[in-house]
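The values are calculated or read from the model by the stated rules, or taken from the named source; none is laboratory data. Worth saying up front: this structure is predicted, and the values here are computed from it rather than measured. All Cβ positions, even for glycine, are placed from backbone atoms using ideal geometry, and neighbour counts span all protein chains on display. Each accessible area value is taken on the protein alone, full model and side chains, heavy atoms only, with ligands, DNA and RNA left out. Shrake-Rupley method; radii C 1.70, N 1.55, O 1.52, S 1.80 Å.
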Amino acid sequence: MPCHHLHPVNTAASPALVGLFACASGLSVANVYYAQPLLDQMAADFAINPGAAGGVMAATQIGSVLALLLVVPLGDQLNRRTLMLAQIGALVAALVCLGITGSAAIMLLAMMMVGLLGTAMTQGLIAFAATAARPQEQGRVLGTVQGGVVIGLLLSRLAAGLISDLAGWRWVYLGSALVMAALALILCKVLPSQRPTAAPMAYPKLVLSMFVLLRNDRVLQIRGMLGLFIFAVLGIFWSALVFLLTQAPYEFSHTIIGTFGLVGVAGALAASRAGSWADQGLGQRTTGAALGLLILAWAALSLAPWSLLWLVIGIVILDLGAQAVHVTNQSMIFSSPGHSHSRAVGCYMLFYAVGSGSGALASTAVHASFGWNGVCLLGAGVSLTALGFWAATLRHAPATALPA
């Protein structure tokens, strides 16, 4: 299978350019998750049954899947600067449409486009940063950009809650359109050109090559399924949380609900050690322990209606377990020889999008019928299934990450 390399940038990526990549990645990915604390407002505005409100997030994740399949691979074929600018222009248009429409059908279509373009921008910027960096600084640059992605994810819920309380949910997206338009002007001025040097692969063959990779790579298959489970668990929790906290006994504002996203920072930072443990040959042990933490987290979260302390403890443990698996997954996938990292991460993120979307959809439906206890049982059941899958596939997977 031919591999098409992009023309490398000859100079080291400056701290300012790396910072721009991190900031742009965080702002791009935030668009995909603004809706989570707004589901109740959006459902009321468009007369959507609360049990079906998870469909809003599911539409976003469908867009993410389409981006990973149909758009992200284009980074190996086109000038990445041109591709980035076209995507951000289309994203601004989708955000404006979302902010002004009165139609539920158009809203769902716009959410799908926001998911598609926000995901394509984020993954494209990560690949852009990796190519712009010298080999000896690639790890540092990617670590910084990935940090921007995590911060964007965590702050998106807080920003959405704050803006919706002040001006309504529509201004979350109209405000983001203004920010992304300003970012587009900066990127237009700053982004270097990255052109493919090899003859382009036919587009259908390019897309198909991702499925060939997935079919042939056992590590990618197993770690991808584990990624699907953990992001389903996160989707289940975050999509139902707004319904728990806006009702008695809490009746919190969306601003306060958004701050709970920051609670996960402690868990996410602690999970950064998981990559080092995988390098030391402890990837499988780390995975098993982290999946056990997910089950423990749901035990704590089941007590959330009676105490906010249990909610905070549950969020920290949940994010710690999920992020530890996520970091270990990436470490083991990237250290598996014989394939392109860009295509591998595209395949892995497909599992992520499917898990997150299906988790959100199932969560709101279960909450409508069985309340918070039903959500906790669903989350614990998915976590237990993930642990069982990991144990069943141990003999098919390497005990450690392989040398890169």
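Being open to solvent by 20 Å² or more (accessible area, probe 1.4 Å), farther than 29 Å from Ile236 by Cβ and not hydrophobic (A, V, I, L, M, F, W, C) narrows it down to one residue among Arg134, Arg80; which is it?
So the residue among Arg134, Arg80 that is open to solvent by 20 Å² or more (accessible area, probe 1.4 Å), farther than 29 Å from Ile236 by Cβ and not hydrophobic (A, V, I, L, M, F, W, C) is Arg134.
Cβ-Cβ under 7 Å, sequence separation 6+ or interchain: first residue in segment 330-347 and among the hydrophobic types (A, V, I, L, M, F, W, C) and at pLDDT 75 or above, partner surrounded by 21 or more Cβ atoms within 10 Å (Cβ to Cβ) and assigned to a loop (DSSP other than H, G, I, E, B). Which pairs?
As it stands, the answer is Met332/Ala401, since those pairs meet every condition given.
Looking only at segment 90-106, count every residue that is open to solvent by 40 Å² or more (accessible area, probe 1.4 Å) and in a helix (DSSP H, G or I) and tell me the total.
The number of residues fulfilling the criteria is 7.
Of the numbered conditions (1) farther than 18 Å from Ser383 by Cα; (2) open to solvent by 20 Å² or more (accessible area, probe 1.4 Å), Leu245 satisfies every one except a single condition; which is it?
Here Leu245 meets the rest and fails (2).
What number goes with the only condition from (1) in contact with a Ser or Thr (Cβ under 7 Å, 6 or more places away or on another chain); (2) of a type in the set (A, V, I, L, M); (3) at pLDDT 95 or above that Leu301 does not pass?
Evaluating Leu301 over (1) in contact with a Ser or Thr (Cβ under 7 Å, 6 or more places away or on another chain); (2) of a type in the set (A, V, I, L, M); (3) at pLDDT 95 or above leaves (1) as the failure.
Among the listed residues Ala274, Ala278, Ala232, Ala297, identify the single one that is buried (at least 21 other Cβ atoms within 10 Å of the Cβ), touching a residue at least 12 places away in the same chain (Cβ under 8 Å) and under 21 Å from Thr60 (Cβ atoms).
One residue alone meets the criteria, Ala232.
So which of Leu39, Leu109, Leu85 ends up being in a helix (DSSP H, G or I) and crowded, with 24+ Cβ neighbours inside 10 Å?
Answer to the check: Leu39.
If you go through segment 201-210, how many residues are touching a residue at least 12 places away in the same chain (Cβ under 8 Å) and loosely packed, with under 14 Cβ neighbours inside 10 Å?
Within segment 201-210, residues that are touching a residue at least 12 places away in the same chain (Cβ under 8 Å) and loosely packed, with under 14 Cβ neighbours inside 10 Å number 1.
For segment 170-203, which positions are of a type in the set (Lys, Arg) and at pLDDT 95 or above?
Within segment 170-203, Arg170 is the sole residue that qualifies.
Is it the case that some residue within segment 117-135 is part of a helix (DSSP H, G or I), touching a Phe, Trp or Tyr at 6+ places or on another chain (Cβ under 8 Å), modelled with pLDDT of 85 or more and within 18 Å of Val29 (Cα to Cα)?
Checked against the condition, which is being part of a helix (DSSP H, G or I), touching a Phe, Trp or Tyr at 6+ places or on another chain (Cβ under 8 Å), modelled with pLDDT of 85 or more and within 18 Å of Val29 (Cα to Cα), segment 117-135 yields at least one hit.
Show the residue pairs that are 6+ apart or on different chains and have beta-carbon atoms under 7 Å apart, the first residue being within segment 85-100 and at positive phi, the second being surrounded by 20 or more Cβ atoms within 10 Å (Cβ to Cβ) and in a helix (DSSP H, G or I).
none
For Ala30, which of the numbered conditions (1) open to solvent by 10 Å² or more (accessible area, probe 1.4 Å); (2) within 20 Å of Gly161 (Cα to Cα) fails to hold?
(1)
Quick one: which of Leu66, Leu116 is under 30 Å from Leu245 (Cβ atoms), buried (at least 17 other Cβ atoms within 10 Å of the Cβ) and either in contact (Cβ under 8 Å) with a residue 40 or more places away in the chain or over 19 Å from the mean Cα position of the chain (by Cα) (or both)?
Leu116
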